[in-house]
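The values are calculated or read from the model by the stated rules, or taken from the named source; none is laboratory data. Predicted model, so just to flag it, every value in this text is computed and none were measured. FYI the Cβ positions are ideal-geometry reconstructions off the backbone, even for glycines, and counts take in every protein chain you see.
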Amino acid sequence: MTIPPKPLPLVPVGADGRHLHQCPLCEAMCGLEIHVEGGRVARVRGNPDDVWSKGYMCPKGASLGDLHHDPDRVRRPLVKVEGRWREVDWDTAFRRCTQLLAPVIERHGIAAVTSFTGQPTAHTLGLSRYIHVLLGMSGMPTSYSSGTVDQWPKNLSSHLMYGGWWTIPVPDIERTDLLIIMGANPAASQGSLLAAPDIMSTIGEIAGRGTVIVIDPVRTKTAARASEWIPIVPGTDAALLLAVVHTLFAEDLVELGALAGHVEGLEVLREVAVDWHPERVAETTGVPAERIRALARQLAGTDRAVVYGRIGLCNQEFGSLCSWLVDVVNILTGHLDRPGGAMFGRPVLRSLLHSPQPGLEDGKALFGRWRTRVRDAPEVLGQVPVACLAEEIETPGEGQIRALITVAGNPVLSAPSGEQLDRLLPTLEAMICVDNAINETTRHADVILPGLSPLERAHLDDLQLSFALRSIANYSAPVFDPPDPERPDEWEILLRLTGLCQGTPAESVDIAAIDDGFTDYVAYTLGLDGAFVRSHYERGGPERMVDLTLRGGPFGDRYGERSDGVSLEMLEREPNGVDFGPTVAQIPGILGTADHKIRLAPRYLLDDIPRLARRLRRPAAELLLVSRRDLRSNNSWMHNAPNLMRGMTGNNRCTLLIHTDDAGARGLSTGDVAVVRSEAGCIDVPVEVTDDIKSGVVSMPHGWGHGREGSRLTIANQHPGANTNALSPPLFIDDPSGNAAVNGIPVTVTRS
Ligand SMILES: Nc1nc2c(c(=O)[nH]1)N[C@H]1C(S)=C(S)[C@@H](COP(=O)(O)OP(=O)(O)OC[C@H]3O[C@@H](n4cnc5c(=O)[nH]c(N)nc54)[C@H](O)[C@@H]3O)O[C@H]1N2
Ligand SMILES: Nc1nc2c(c(=O)[nH]1)N[C@H]1C(S)=C(S)[C@@H](COP(=O)(O)OP(=O)(O)OC[C@H]3O[C@@H](n4cnc5c(=O)[nH]c(N)nc54)[C@H](O)[C@@H]3O)O[C@H]1N2
Ligand code: SF4
Ligand SMILES: [Mo]
């Protein structure tokens, strides 16, 4: 364990001085210094003493003060009366929720109520823990989330292979010598399902001592730092990976190493890959057969090597096959669960990701336990495609959605069918948003229940620790007090809404009783007695939950059983964080399959291969659209921060990247506005002509499309951009997982 060199005096909440606070905005989890002067954030700096990030930060972290002081931020509950927002006290707001939701449930049943959970839920302590209560106990039969425009294929492949849907291997980039990055751009995203500090320096170091290869249709900033960029046709990575698997078998390069006794399905896999020789996929993928063979040889011939695939491999037509095959290649080359390969995180605290999932035990991969009413889409791991939400609101009949609760999500911009949602949300009988902004989605709400600003609440990264290269923990006290000491925290809001869904008026819900029940359940999953655990605390809430899961986790004191174990009290004394060292090999202990074996060739995924084979015969589209991220954006919600938007005038970030040849053929130059059309819709976007993209591919960022009437986003609305998801066809999905395919969309581009 590394104890930081010089513990710093803690500044009282709200006081001027140097506060230490971990950035909650992305998986990099940077430790920051928030300098408060005259009650305002004067500066934000990276904390050089942070045991994890050691002073690194990005421009988004520097804008935490902007978020906190944003005059547009919702600070008190809002209730819409005759089309106008009125600020009310919390009791009035909860009573209004009851007035709106109770009759819907009475008239149509709880099946008429659903929720949408968005991305910041994963980065907010209260939400990340207590959303499970809302989703698990409210009785809503279906809920939606950004998970099905994100990592659902990876959840699926992990569930099928390892018996744990969050048992997701993470590339050990600190110790590898060959890193192959597919469909990720950490130069913008800072890492995803891969929590690493200052990720681009680490990647730069690999390129210095070894090799970094980026396989992406775009020559991203990550590709520019790599040893090699291999352009690929969007949506064809699964074919490339199958050809790598083919080569590994054909050239006798399979070497399972220490995993040999822990896998099953090797022979089935060999059979499956027989037909997938590199020549068969070269034209479709755009990658020469010899280069594919060489990739297999490089991986097999490097002791510490790893393939990493992320959103470009998930949010596409063959997301599940890609997610599976990335792991297969790592396993066949002996790189899973080894330093420098793909390792499983060893989180200091047991997050709810690791709770048992009733009905999803090994061998019970019974997807389609229910189906959606309109499209007949099967549920997969409890979710259906997010694009279904619009049609479920629109189509009359038994089970039609009449009420929506959103929690930290902006599906109007982030989801396929978002533009339909924009039209349909006003038809709901009730819409309640737990959100801090009046944006493209929440402007349609009847009630907005705001959370605290990121600087007004305690923070501990929770879910991200499962994907971290090291076992670390950092607990940050709030920098500021909330404006109103009586106001509920977000977890309390979620519990009131849970009770309301169960039939109790929101204002009368016994929060403590639900929280105690939840605590008892979590204690039980850790082999601890709930009543005994609760006897240690004066009050409940996220802090109790964190302390419980820390103390019951791999380094915990188990309430006195181990003398030097970790607890929340210990973390509070160490504001620079605590580092318990790099992650270690964990197979077979981490496997949740009944026989503790990795399933290399799950039948459910093999059944999708014929669909991939049909893709090989599909004629090339005129252009294929992919998505991208930007270091200064955070999905849809940080375009109102002045610091991040500085320089936007004349330097538009919401552009269509297009190859010089494709632009020339259409008479387009940088700055011209193009009309981009898909089967789903049509938008106008300024183009940016470049050679850093594969010809035949165009790229756009998501999260734009502001400037709508009724939203309160003064700065964002000055730079609206266009909503790329207006082009996302709702039925374009990865079949096995139901995840949206927002990459590889056939489009046409013309001069406007
Ligand atoms: N075309 C295309 N579409 C995509 C993607 C893509 O790559 N391409 N990526 C997808 C991915 S990976 C994701 S994760 C989704 C993201 O999409 P969403 O999950 O919808 O998230 P955001 O757009 O970031 O919106 C976040 C919302 O949370 C609110 N918020 C911020 N902080 C807090 C807080 O502390 N508490 C509360 N209660 N609310 C808060 C913001 O005001 C905003 O309304 O987009 C997806 N959509
Ligand atoms: N600054 C910033 N950071 C963020 C976010 C943000 O919005 N802004 N969002 C956060 C979220 S919610 C997430 S999920 C993560 C995502 O983190 P990443 O996975 O790193 O996402 P991107 O930066 O969008 O990079 C995706 C890459 O995939 C490529 N791509 C698209 N289609 C294909 C394909 O078919 N094959 C291949 N091989 N490549 C393809 C794109 O060109 C792009 O370069 O980032 C997180 N971090
Ligand atoms: S990289 Fe930026 S957004 Fe991510 S945690 Fe660090 S400062 Fe925050
Ligand atoms: Mo995401």
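For Leu353, the criteria (1) within 16 Å of ligand 4 (Cβ to nearest atom); (2) modelled with pLDDT under 95; (3) assigned to a loop (DSSP other than H, G, I, E, B) hold in every case but one, which is (3). Counting residues in region 608-618 that are basic (Lys, Arg), modelled with pLDDT of 95 or more, more than 30 Å from Arg280 (Cα to Cα) and in contact with a Ser or Thr (Cβ under 8 Å, 6 or more places away or on another chain) gives zero. For the structure I just gave you, tell me whether Asp422 is under 21 Å from the mean Cα position of the chain (by Cα) and acidic (Asp, Glu). Judged against the criteria, Asp422 is not a match. Could you check, for region 136-157, whether at least one of its residues is in a loop (DSSP other than H, G, I, E, B), out of contact with any His (no Cβ under 6 Å at 6 or more places or on another chain) and of a type in the set (D, E, K, R)? Among the residues of region 136-157, at least one is in a loop (DSSP other than H, G, I, E, B), out of contact with any His (no Cβ under 6 Å at 6 or more places or on another chain) and of a type in the set (D, E, K, R), which makes the answer yes. Among the residues of region 611-652, the one identified as more than 16 Å from ligand 1 (Cβ to nearest atom) and acidic (Asp, Glu) is Glu622. Taking region 616-629 as the range and being surrounded by fewer than 19 Cβ atoms within 10 Å (Cβ to Cβ) and either within 13 Å of ligand 2 (Cβ to nearest atom) or assigned to a loop (DSSP other than H, G, I, E, B) (or both) as the test, the residues that pass are Arg617, Arg618, Pro619, Ala620, Ala621, Glu622.
Rundown of residues vs (1) within 16 Å of ligand 4 (Cβ to nearest atom); (2) acidic (Asp, Glu), yes/no style:
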| site | (1), (2) |
| --- | --- |
| Glu283 | no, yes |
| Ala296 | no, no |
| Gly301 | no, no |
| Tyr308 | yes, no |
| Gly312 | yes, no |
| Leu321 | no, no |
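When every residue of region 61-74 is checked against the conditions, none turns out to be in a loop (DSSP other than H, G, I, E, B), hydroxyl-bearing (Ser, Thr, Tyr) and within 16 Å of ligand 3 (Cβ to nearest atom). The strands (runs of 3 or more DSSP E) found entirely in region 630-715 that carry 2 or more residues being touching a residue at least 12 places away in the same chain (Cβ under 8 Å) and of a type in the set (Asp, Glu) are 682-690. If you take the residues of region 197-254 that are surrounded by 23 or more Cβ atoms within 10 Å (Cβ to Cβ) and of a type in the set (D, E, K, R), which of them is farthest from Thr660 (Cα to Cα)? Filtering first and then ranking leaves Asp237. Can you tell me which of (1) among the acidic types (Asp, Glu); (2) touching a residue at least 40 places away in the same chain (Cβ under 8 Å); (3) more than 16 Å from ligand 3 (Cβ to nearest atom) is the one Asp198 doesn't meet? Looking at each condition in turn, Asp198 falls short on (3). Within region 492-515, the set of residues being touching a residue at least 60 places away in the same chain (Cβ under 8 Å), among the hydrophobic types (A, V, I, L, M, F, W, C) and in contact with a Lys or Arg (Cβ under 7 Å, 6 or more places away or on another chain) comprises Ala506 only. Selection of region 542-563 for residues being in a loop (DSSP other than H, G, I, E, B) and within 19 Å of Arg470 (Cβ to Cβ) yields Gly553, Pro554, Phe555.
Scanning region 686-695 turns up one or more residues that are away from ligand 2 (no atom under 15 Å from the Cβ) and out of contact with any helix residue (DSSP H, G or I) (no Cβ under 8 Å at 6 or more places or on another chain). Just one residue in the set Leu349, Leu353 is under 14 Å from Trp166 (Cα atoms) and either hydrophobic (A, V, I, L, M, F, W, C) or free of Cβ contacts under 8 Å to residues at least 40 places away in the same chain (or both); that residue is Leu353.
Residues in region 123-151 that are within 8 Å of ligand 1 (Cβ to nearest atom), of a type in the set (Ser, Thr, Tyr) and in contact with a helix residue (DSSP H, G or I) (Cβ under 7 Å, 6 or more places away or on another chain): 2 in all. Being within 30 Å of Val244 (Cα to Cα) and either assigned to a helix (DSSP H, G or I) or out of contact with any Leu (no Cβ under 9 Å at 6 or more places or on another chain) (or both) is a property that holds for Pro339. Restricting the first member to region 263-284 and to residues that are closer than 19 Å to Phe318 by Cα, and the second to residues that are of a type in the set (Phe, Trp, Tyr), the beta-carbon pairs closer than 6 Å and six or more apart or on different chains are Ala273/Phe249. Of Ser146, Ser128, all but one fail to be within 16 Å of ligand 2 (Cβ to nearest atom) and more than 24 Å from Met57 (Cβ to Cβ); the exception is Ser146. As a summary of the residue check, Pro186 satisfies the conditions (1) in contact with a His (Cβ under 8 Å, 6 or more places away or on another chain); (2) within 16 Å of ligand 4 (Cβ to nearest atom) except for the one numbered (1). For region 496-530, residues that are of a type in the set (D, E, K, R), assigned to a helix (DSSP H, G or I) and more than 30 Å from the chain's Cα centre (by Cα) total 1. Within the set Glu391, Glu379, the sole residue that is in contact (Cβ under 8 Å) with a residue 12 or more places away in the chain and under 21 Å from the mean Cα position of the chain (by Cα) turns out to be Glu379. When region 149-191 is limited to residues that are of a type in the set (Asp, Glu) and more than 13 Å from ligand 2 (Cβ to nearest atom), the one that is farthest from Leu25 (Cα to Cα) turns out to be Asp177.
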